[in-house]
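Following: one structure in structure tokens, then a few remarks.
The values are calculated or read from the model by the stated rules, or taken from the named source; none is laboratory data. Computed from a predicted structure; not experimentally measured. Using ideal geometry, Cβ is built from the backbone for each residue, glycine included, and neighbour counts are taken over all protein chains shown.
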């Protein structure tokens, strides 16, 4: 099992509310429809609204985590033409892709 961990930053043309609404409903549905055959689990971790007021807080708006059986499944998903045609353009609308960070990891090492 591998994970894709994404620290996401919203497109600056979207308000905080617009971003979270779109990510929760529209983008999630696209991932399920066009990536669901590869993704085993998809988590959205939304930044708390009150956390935006914290001085010196992070610039990220949330963290997405997707679980795959293998790295090969991740690359198959992102190479799929239907995924590219639907999820790709929505990511460009939703995210500041230059500021979003992506990381492929092994399964977590649980300490506590």
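Based on what the data block shows, is residue 36 under 18 Å from residue 101 (Cα atoms) and modelled with pLDDT under 95?
no
Given the conditions (1) assigned to a helix (DSSP H, G or I); (2) farther than 16 Å from residue 7 by Cα; (3) over 14 Å from the mean Cα position of the chain (by Cα), and given that residue 37 satisfies all but one, which numbered condition is not satisfied?
Checking residue 37 against (1) assigned to a helix (DSSP H, G or I); (2) farther than 16 Å from residue 7 by Cα; (3) over 14 Å from the mean Cα position of the chain (by Cα), the one that fails is (1).
Could you pull out the residue among 66, 84 that is modelled with pLDDT of 95 or more, within 13 Å of residue 31 (Cα to Cα) and in a strand (DSSP E or B)?
Exactly one residue qualifies, and that residue is 66.
Just give me the residues in segment 48-63 being within 15 Å of residue 11 (Cα to Cα) and either in contact with a strand residue (DSSP E or B) (Cβ under 6 Å, 6 or more places away or on another chain) or not in a loop (DSSP other than H, G, I, E, B) (or both), in sequence order.
If we filter segment 48-63 for residues that are within 15 Å of residue 11 (Cα to Cα), which is where we start, we get 59-63.
Across segment 48-63, the qualifying residues are 60, 61, 62, 63.
Does residue 14 satisfy being touching a strand residue (DSSP E or B) at 6+ places or on another chain (Cβ under 8 Å) and surrounded by 13 or more Cβ atoms within 10 Å (Cβ to Cβ)?
no
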